[in-house]
Amino acid sequence: VRGGAALSRPHPGGYPAVRQMTGTAALLARLGQYPEKARQALRQAAGTAADQAAQLAAAQAPVDSGRLRDSIAAAGDGDGAAVYAGCDYAAYVELGARAMPPRPFLAPGAQAADYAGLAARALSEAMK
């Protein structure tokens, strides 16, 4: 993921806070001449990275009742994957509000996920 995660459109379920794992579609477009095996490997790497990011975000989420932490999940999104928090106040915690400073957990989780390493290993295996 070049540059980590970017704030993106809401999850199809309407979740308020989503971090999109970006860069996969552009890479897949450049791989047009490679076999479908490589494309599948990159999709799987994106899913694995999103799962990693969700686990890391859950570990960093502030906990009061545990509702925010428990709402963090990952989902496939076409050629990529998204990490989201479905709790109704997740965006306020992540980004802050007028009387509340930001307490990011999604962005650090997405940035710490090893998408580049997972993608490189997946491509290496797929091209054998």
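The values are calculated or read from the model by the stated rules, or taken from the named source; none is laboratory data. Note that the structure is a prediction, hence the values are computed from the model and not measured. All Cβ positions, even for glycine, are placed from backbone atoms using ideal geometry, and neighbour counts span all protein chains on display. Note: areas computed on protein heavy atoms with side chains; ligands, DNA, RNA excluded. Shrake-Rupley method; radii C 1.70, N 1.55, O 1.52, S 1.80 Å.
Return only the number of the condition from (1) modelled with pLDDT under 80; (2) touching a Leu at 6+ places or on another chain (Cβ under 7 Å) that GLY32 does not satisfy.
Failed condition: (2).
Please indicate, with yes or no, whether at least one residue in the range 51-59 is within 30 Å of LYS128 (Cβ to Cβ), open to solvent by 70 Å² or more (accessible area, probe 1.4 Å) and at pLDDT 85 or above.
yes
Working only within the range 70-82, note down all residues that are of a type in the set (D, E, K, R) and part of a strand (DSSP E or B).
Once the filter is applied, which keeps residues that are of a type in the set (D, E, K, R) and part of a strand (DSSP E or B), the range 70-82 yields only ASP77.
What is the number of the single condition among (1) open to solvent by 60 Å² or more (accessible area, probe 1.4 Å); (2) free of Cβ contacts under 8 Å to residues at least 24 places away in the same chain; (3) on the phi > 0 side of the Ramachandran plot that GLY78 does not meet?
(2)
Give just the number: which of (1) at pLDDT 85 or above; (2) over 14 Å from GLN55 (Cβ atoms) does ALA85 not satisfy?
(2)
Would you mind listing the helices (runs of 4 or more DSSP H) fully within the range 83-128 where at least 2 residues are in contact with a helix residue (DSSP H, G or I) (Cβ under 9 Å, 6 or more places away or on another chain), open to solvent by 70 Å² or more (accessible area, probe 1.4 Å) and in contact (Cβ under 8 Å) with a residue 60 or more places away in the chain?
So the answer is 115-126.
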